[in-house]
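Written out below as structure tokens is the structure these notes cover.
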Amino acid sequence: MLVTLVQRYIKGLERDWNKHGTSINKMWVTKEGKRYIKISSGYIEEGKLVSQSVDAFVDKNTGDVYKPASWNAPAKGVRYNLFDDIDYLENNCGSGHLYMK
């Protein structure tokens, strides 16, 4: 169930990226750790993923979404919850959506 929600979240990130009409190929990947699923993205150059940056961390137990503080750790403060907010995130996420309101 959580994997499906993460995929829907990534679809929202992709949709936001594509609506700007850029010709740069961007790809999102996930990496599962002990507690979090890290969502990162990068650009595809010569068949390789380069210039990766972390987009978000998702708590595997709760579905809470966190803004990254660094490559390996989330910032404090839950921004969204995939179980509660996936419809919103799928249709409204974009640059700055993880900043505190």
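Taking amide H as placed 1.01 Å from N in the peptide plane, A56 has its amide H under 5 Å from the amide H of I39, each at least 5 places away in sequence or on another chain. Taking every protein chain into account, the accessible area of segment 16-63 amounts to 66 square angstrom per residue (probe 1.4 Å). Phi angles of segment 39-49 translate, via the Karplus equation with coefficients 6.51, -1.76, 1.60 and θ = phi - 60°, into HN-Hα couplings of 9, 10, 9, x, 9, 9, 10, 6, x, 10, 8 Hz per residue; Gly and Pro are given as x. Distance between the 7 Å Cα→Cβ label points at H20 and K34: 3.5 nm.
Gaussian network model of the chain, Cα springs within a sub-10 Å range: biggest mean-square fluctuation belongs to which of V65, V50, V78? Maximum among the listed residues: V50.
The phi torsions of segment 54-70, fed into the Karplus equation with coefficients 6.51, -1.76 and 1.60 and a -60° offset, translate into couplings of 7, 9, 6, 10, 10, 5, 5, 8, 10, x, 5, 10, 10, 6, x, 9, 7 Hz, rounded to whole numbers, with Gly and Pro shown as x. Largest GNM mean-square fluctuation among E46, E14, E90, using the chain with Cα springs under 10 Å: E46. Shape summary: the chain maps onto an equivalent ellipsoid whose semi-axes, from the alpha-carbon gyration tensor, are 21, 16, 13 Å in decreasing order. What residues of segment 1-18 lie in the reach of a label at N81, counting those whose backbone N is under 17 Å from a point 7 Å from the Cα along Cα→Cβ? Label zone hits: 1-3, 5-6. Principal-axis analysis of the Cα atoms of the chain puts helix 2-18 at an angle of about 40° to the longest axis. In the chain, the longest principal axis of the Cα atoms and the axis of helix 82-92 are about 30 degrees apart. Which one, L49, Y99, L82, is farthest towards the positive end of the dipole of segment 36-101 when Lys and Arg carry +1 and Asp and Glu -1 on their Cβ? The one lying farthest along the dipole's positive direction is Y99. Residue ranking by accessible heavy-atom surface, 1.4 Å probe, largest first, among R8, R79, R35 comes out as R35, R8, R79. For the chain, the relative contact order comes to 25 percent (Cα pairs under 8 Å, sequence separation of at least 6).
In terms of Cα atoms, the Rg and Dmax of segment 6-56 work out to 11.5, 36 Å. First compute the accessible area of the chain with a 1.4 Å probe, then give the percent of it belonging to carbon and sulfur atoms. Answer for the chain: carbon and sulfur cover 48 percent of the accessible area.
The values are calculated or read from the model by the stated rules, or taken from the named source; none is laboratory data. Computed from a predicted structure; not experimentally measured. Cβ atoms come from the backbone with ideal geometry, glycine included; neighbour counts cover every protein chain shown. These accessible areas exclude ligands, DNA and RNA; they are computed on the full protein's heavy atoms, side chains included. Shrake-Rupley method; radii C 1.70, N 1.55, O 1.52, S 1.80 Å.
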